[in-house]
Every structure is written in C-alpha cells, then in structure tokens.
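Presented below is the structure to which this report refers.
The values are calculated or read from the model by the stated rules, or taken from the named source; none is laboratory data. On a predicted model such as this, the values are computed, not experimentally measured, just so you know. Using ideal geometry, Cβ is built from the backbone for each residue, glycine included, and neighbour counts are taken over all protein chains shown. For the accessible areas, the whole protein counts, side chains as well, though only heavy atoms, and no ligand, DNA or RNA atoms are used. Shrake-Rupley method; radii C 1.70, N 1.55, O 1.52, S 1.80 Å.
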Amino acid sequence: DDQSQPQYLTLPSARLRISDGECKLSYFQWSAGMSMSRDCKGECIDSQESLVGDFFCDNGQNFRRTFTCAAYNFDNHDCEPRISPPQPTTRPRVNCYVSCPEGDWRRRSCGRCKKVKETGNGAMCLESSAGSLSYLGCCVAKISGVEYWNESCMAFGRVGTTCSSALEHILQTMREAGPSLAWQAARPAGTNLKLSGEVLVDCSSDACNNITKDKVLDPRTRLPTDTPVCPVAESNKVGISCFEGPWEVTAVKDPYLECQAGQNRWNFCLNTKTFNGRPFIRCCTFLYLNALDRRECRFLGLPGGSCERYIGLLQANLSSNRYTKISQPLVLNSCEGDLCNNPL
C-alpha cells in the first residue's frame, strides 16, 4: 500500500452512545440532535478542535491526535509536504562613476552629486543605482553631435546587460529633449542634432569606468596631440557679462541662487554663461508685446547665433500657447561687450 497517501479512517460505531463518561455530549437546541468531539480514531478531543489546520501534522504519532481522515479534511492538509515560496535574491550592486550633471553655470556640476569621488580626470559622482534598480555594470561612452560641445564623453552605470542598450536610451532621451533656442539661433533653419555614440568601456567591477585622459594620436607621426580622446573639460572662455532679466519676465525668485555667483543689479542677473556652462559671446535686448498686448522688454546673453534669429525662434516657441505668446518683436540692442545691454 502507498503509505504516503492519506488514509480514510472511520469512527468506530461502538464509540457512539447516548451515555458517555469520557466525552462531552452536546445537544442541538432546534433539531434535538446530539454531538461529541472525537478524532478519527474515536478518541475524545474536547476543546482541542483548534488543532485542525494549525500547521502541525496530527496523525496520531508522537502523542498527537489523529485528524487524517475526510471528516477533518485530513488535518486541513497539515501532514502534506509544504513547499516554501521562492525567496528573491538581491542583485549584486556595483559602484560606478557617473558624470556630474550640468548646471550651476558649469558643464559639469558635481555639487549636485550625493557622493563625489576625485578621479584622474576630474571629479565624478559615485553611484550604485538608478532609482530602485542596482547597477550591474559601469560604462563610458563618447557621444558626437552634442549641442555646443560637439563631442563629449559620459560615464554612467547600466541596469541591463550591456552598455550599448543603456547608451541608446541616453541618446533617445537627448533627441526627445531637442536643441535649445540658442543652439538653433546659431544654425541654419531646419538643422537637427545628429547624435551618435560609441561605447568605450563596459565593465562590471567597482569604479572600473574612469574616463581616460589620453590624447588623440597624430595619424602621421603617431604622437599625442593636444586633443583629448574624451573632451570633458569646462570651456576655457570666460564669456562676456550680460544683463539677464528683468526677474518678473525670467521668473527669478531668489537672485542669490538663480544668478551666477549671486551677481545682480536692480532686478537683473549679471551672468557670463548659460546655466549649463556655455560662455556668452553676445548680449541682446528685445521689445515685444506680451500675451496681454502690453509692451515688455527682455535682456539676455547668447552663447552663439544672432539676437534677430533668437527672438524669431522665441516668438514661434511661445506663440503655441495663448497665455505666453508674443508679437511684434524688435531687437533693441545686439552687442559684444561686457554689460553692453545695460537697461539704462
């Protein structure tokens, strides 16, 4: 016989009688019936019914009661083997260098990193995850067609199997963001960013993705040139200082945080670069009618292109919304000297 299968045990009829000194006899008030609590072998189990389905096998062994019969649903299957659910394992976490994000009037602002690590090619963020996903590997990629800089190298971590797929996601995000108005102002109409990239490093150990300091080799002499393989340095141009504002137009709330180095005059910032570190080569002053048909002036600096082209692009960009549209734009000043667009 297969002893592993539950046995159907029947209660001996000799144990059922009206007068029973061993087991409590209960009566049903409405049907005049009787009941008593006995296990599958007829043993009295007064006040022990809770043992059924208590995650312990009650099969009559080791001084336990016997509930392995159909009347007790075979101890609610307590005697069957229990398979524990699979336990998730934590993915191995890798610490990777991540290029500092742009901002604070810099190409790379490491002050925005949670943890900063000095490397052989400048400071970088040191991270182990993207949101709730741990990094499985580290990457370095060279990206061409980058706005203003043309070429740039980027260190990042990957949560997937390859750096190539992570790079494609980065490129797609950059394409969807689109070019800035300043970049468009410096290019012929209809010019698009032609972004491409190649993976230089794909590794899976801690901090294995440092950006190289190597120089490009001269194809004839095979000697290093002054051009870095991975250009990541800030611009060596200082930029001219321009009035940017007024604050009610540019929505500046805290000039000490939202003006470069806190420099300001009246209700204008005095900036020499864009917020992402591109030096100004030209200052502009514009006059136009705003969405309320009121005259409004705007002062700003440009890292490239002409003031005339910029205001045309700005009008097209803002006119898609009736609450922000502008009309009849005029260039009042286009100049190339420090603070040459002074509002006075």
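Against the conditions (1) open to solvent by 90 Å² or more (accessible area, probe 1.4 Å); (2) among the basic types (Lys, Arg); (3) modelled with pLDDT of 65 or more; (4) more than 17 Å from residue 78 (Cβ to Cβ), residue 17 satisfies every one except (3).
Any chance region 129-144 includes a residue that's closer than 17 Å to residue 228 by Cα, among the small types (Gly, Ala, Ser), open to solvent by 20 Å² or more (accessible area, probe 1.4 Å) and in contact (Cβ under 8 Å) with a residue 12 or more places away in the chain? Looking for residues that are closer than 17 Å to residue 228 by Cα, among the small types (Gly, Ala, Ser), open to solvent by 20 Å² or more (accessible area, probe 1.4 Å) and in contact (Cβ under 8 Å) with a residue 12 or more places away in the chain, one finds at least one in region 129-144, hence yes.
Taken over region 213-231, residues that are open to solvent by less than 100 Å² (accessible area, probe 1.4 Å) and at pLDDT 90 or above amount to 12.
List pairs: first in region 236-264 and at positive phi and in contact (Cβ under 8 Å) with a residue 40 or more places away in the chain, second open to solvent by less than 40 Å² (accessible area, probe 1.4 Å) and assigned to a helix (DSSP H, G or I), Cβ under 7 Å, 6+ apart or cross-chain? Here the result reads none, with nothing in region 236-264 linked to a residue that is open to solvent by less than 40 Å² (accessible area, probe 1.4 Å) and assigned to a helix (DSSP H, G or I). When 313, 339, 292, 344 are checked against the criterion of being within 14 Å of residue 249 (Cβ to Cβ) and outside any strand (DSSP E or B), a single residue qualifies: 292. When region 188-205 is limited to residues that are open to solvent by 90 Å² or more (accessible area, probe 1.4 Å) and within 23 Å of residue 156 (Cβ to Cβ), the one that is farthest from the chain's Cα centre (by Cα) turns out to be 194. Annotation: of all residues in region 316-336 being among the hydrophobic types (A, V, I, L, M, F, W, C) and part of a strand (DSSP E or B), the one that is farthest from residue 287 (Cα to Cα) is 335. The set of residues in region 287-344 being charged (D, E, K, R), over 17 Å from residue 182 (Cβ atoms) and open to solvent by less than 60 Å² (accessible area, probe 1.4 Å) consists of 296 alone.
Here is the figure for region 259-273: residues that are out of contact with any Gly (no Cβ under 7 Å at 6 or more places or on another chain) and open to solvent by 30 Å² or more (accessible area, probe 1.4 Å) total 6. Taking the criterion of being in contact (Cβ under 8 Å) with a residue 24 or more places away in the chain and in contact with a helix residue (DSSP H, G or I) (Cβ under 6 Å, 6 or more places away or on another chain), the only residue of region 265-283 that qualifies is 271.
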